[in-house]
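Q: Next up is a structure, given as structure tokens.
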Amino acid sequence: MTRLIVLLLIVAVNQTRGSCPEYVFKKISFNSRLVLDYLQKYVDLSVKECAERCSEVPNCSSFSYKPETTNNSECYTYNKRIWSGIASTQYDYLSTYWRLADSCPADYIYNRTYNVCYKKYAEQLMAWGDAMDLCEQDGGYLFIGNTMDKLQLLNDYFMSLPPPLITVAHYIGGNDFQQEGIWEWLDGSKTFNWPRSGAEPSGGTSENCTGVKPKESGIISFFDMNCYLMRPFVCEVPLRP
């Protein structure tokens, strides 16, 4: 059976190794950083072959690839999702790809218009890192709010909560772990809706995780939070197109 590997922003290719279904990988903005606890390292492969190696391992959810420059190309596969802020070392020319899910988990909400799959943990309180771990167990990560459409989904969610919960801050997937004051989403993108007043982010080195809640006007607003506070959170599972 033909194995089809789809690399978003790269190319779709047919491979003939094994009898597995189609897999889709997305290139993310997080790059030039190497996470050292990889599953396997390969050399002298194309990016398509690197994706193939990852697809052969059931729990491989990310891979990083460095094209051939002065040395052979390098491929690193991971049994976890690699994200911006995770412990890593500088490694020039390295790109990272996420494996995308075929479908939304049964207990998640699927928005067909925006192809977004998410779950609200409104009454389960965790620190940011523990919330991230739970999201990863679901096959995803903390919600990335880097588009206006996704912010509208968050706003609609908050508006649906009962009054005691509507103003409670929720963790989502932003941090400045890599460099203080440089805020990034887990995929490495940097689009943040900080308040125009300049009041946020306000916590310096003591508040390095992103929280979100609506203002009285119903407009979603971000702010920095202490990562060890016990708070509700929103998870997201990335879906193939």
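Q: For segment 86-108, which residues satisfy the criterion of being touching a Phe, Trp or Tyr at 6+ places or on another chain (Cβ under 6 Å) and at pLDDT below 95?
A: Hit for segment 86-108 is R99, nothing else.
Q: Residue check: is N72 farther than 30 Å from E207 by Cα, exposed (fewer than 15 other Cβ atoms within 10 Å of the Cβ) and touching a strand residue (DSSP E or B) at 6+ places or on another chain (Cβ under 7 Å)?
A: Considered against the rule, which asks whether it is farther than 30 Å from E207 by Cα, exposed (fewer than 15 other Cβ atoms within 10 Å of the Cβ) and touching a strand residue (DSSP E or B) at 6+ places or on another chain (Cβ under 7 Å), N72 comes out as yes.
Q: Pick from segment 40-69 the residues that are charged (D, E, K, R) and either part of a strand (DSSP E or B) or on the phi < 0 side of the Ramachandran plot (or both): which of them is surrounded by the fewest Cβ atoms within 10 Å (Cβ to Cβ)?
A: So the first thing to find is which residues in segment 40-69 are charged (D, E, K, R), and the list is 41, 44, 48-49, 52-53, 56, 66, 68.
This time we only want the ones that are either part of a strand (DSSP E or B) or on the phi < 0 side of the Ramachandran plot (or both), so: 41, 48-49, 52-53, 56, 66, 68.
Details: K41: 10, K48: 17, E49: 17, E52: 22, R53: 18, E56: 15, K66: 22, E68: 13.
The residue in question is K41.
Q: Among the residues of segment 120-161, how many are over 22 Å from S29 (Cα atoms) and over 14 Å from the mean Cα position of the chain (by Cα)? Working first, answer last.
A: Our first condition is that a residue be over 22 Å from S29 (Cα atoms); within segment 120-161, this holds for 120-127, 130-131, 134, 137-138, 152-161.
Applying the additional criterion that residues be over 14 Å from the mean Cα position of the chain (by Cα) yields 120-127, 130, 152-161.
So the count comes out to 19.
Q: Another question about this same structure. Evaluate the following for G181: is it of a type in the set (G, A, S), modelled with pLDDT of 80 or more, surrounded by 14 or more Cβ atoms within 10 Å (Cβ to Cβ) and touching a helix residue (DSSP H, G or I) at 6+ places or on another chain (Cβ under 9 Å)?
A: Answer is no for this residue.
Q: If you don't mind, there's one more thing I want to ask. Scan segment 77-119 residue by residue and report those that are of a type in the set (D, E, K, R) and either over 25 Å from V212 (Cα atoms) or within 17 Å of the chain's Cα centre (by Cα) (or both). Write out each step before concluding.
A: Pass one, segment 77-119, residues of a type in the set (D, E, K, R): 80-81, 92, 99, 102, 107, 112, 119.
Across segment 77-119, the qualifying residues are K80, R81, D92, R99, D102, K119.
The values are calculated or read from the model by the stated rules, or taken from the named source; none is laboratory data. Given the structure is predicted, the values throughout are model-derived calculations rather than measurements. Because the Cβ atoms are built from the backbone with ideal geometry, glycine has one as well, and the counts that use them run over all protein chains shown.
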